[in-house]
Amino acid sequence: MNYEAMIEGILFTMGAPVERETLAMALELPEPMVESLVASLMEKYQGEDHGLKIIRLENSYQMCAKQSCYEPMIRIAARPKKPVLTDVVLETLAIIAYKQPITKQEIEQIRGVSSDHAVNKLVEYGLVCEAGRLNAPGRPILFATTEEFLRRFQLESLDNLPVPDPEKMAEIQEEVAREAGEVTVEV
């Protein structure tokens, strides 16, 4: 078995410090042997041809980037992340845009599934914000779209949201009614 490779894989995957005792237990090796293997790895990573290093923190080890890599890493981290609007997130955004202000529970009633992740992503992307609280038990948060939403979708105001086609809406309502009628409850 290549224990050095295993240690390397564990430290890389964990990302956080891993205690020597934990490594020994995982590899089923005595601690002094783990210490020797990690020391050998640390020596291999000292060369300029590696961007990583292993550091010792008391009785733990952690794999991290060398300081020489910080500048390019900062350039990548500083780049604005483009939000990924999946179908679920877009569907949730549409519900909020047309029904705002709206609670998460109301969104979930419309969608029929939990919407925590989608709402949280929309808040993170700055497309949706908390717009107050509903005056009801538990005072649930009301959500609404933001100026960033208008900017991203090139709308002057919410009045410029596309108006659903009345015929298409009637079709959708019929389909929903049909599906609701097909649902049977067994007792």
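Return a yes/no flag: does segment 39-47 have any residue that is outside the structural domain of Leu161 (by TED's automatic domain parsing) and in contact with a helix residue (DSSP H, G or I) (Cβ under 6 Å, 6 or more places away or on another chain). Scanning segment 39-47, I find at least one residue that is outside the structural domain of Leu161 (by TED's automatic domain parsing) and in contact with a helix residue (DSSP H, G or I) (Cβ under 6 Å, 6 or more places away or on another chain), so the answer is yes.
When residues in segment 140-163 are screened for being surrounded by 11 or more Cβ atoms within 10 Å (Cβ to Cβ) and more than 25 Å from the chain's Cα centre (by Cα), 4 of them pass. When you look at Thr103, is it surrounded by fewer than 16 Cβ atoms within 10 Å (Cβ to Cβ), polar (S, T, N, Q) and closer than 22 Å to Phe149 by Cα, yes or no? When the stated conditions are applied, Thr103 does not pass them.
Can you find a residue in segment 74-92 that is surrounded by 13 or more Cβ atoms within 10 Å (Cβ to Cβ) and within 25 Å of Ala136 (Cβ to Cβ)? The answer is yes, given that some residue of segment 74-92 is surrounded by 13 or more Cβ atoms within 10 Å (Cβ to Cβ) and within 25 Å of Ala136 (Cβ to Cβ). Per the listing Glu21, Glu8, Glu4, Glu108, the residue uniquely buried (at least 16 other Cβ atoms within 10 Å of the Cβ), of a type in the set (Asp, Glu) and in contact with a helix residue (DSSP H, G or I) (Cβ under 7 Å, 6 or more places away or on another chain) is Glu8.
Of the helices (runs of 4 or more DSSP H) lying entirely inside segment 10-99, the ones with 1 or more residues being touching a residue at least 60 places away in the same chain (Cβ under 8 Å) and either of a type outside the set (Phe, Trp, Tyr) or touching a strand residue (DSSP E or B) at 6+ places or on another chain (Cβ under 9 Å) (or both) are found at 87-99.
For segment 35-92, which residues satisfy the criterion of being over 30 Å from Gly126 (Cβ atoms) and within 25 Å of the chain's Cα centre (by Cα)? The answer is Gln62, Met63, Cys64.
The values are calculated or read from the model by the stated rules, or taken from the named source; none is laboratory data. Quick caveat: nothing in here was measured; it's all calculated off a predicted structure. Heads up, the Cβs are rebuilt from the backbone with ideal geometry, glycines too, and the neighbour counts pull from every protein chain shown.
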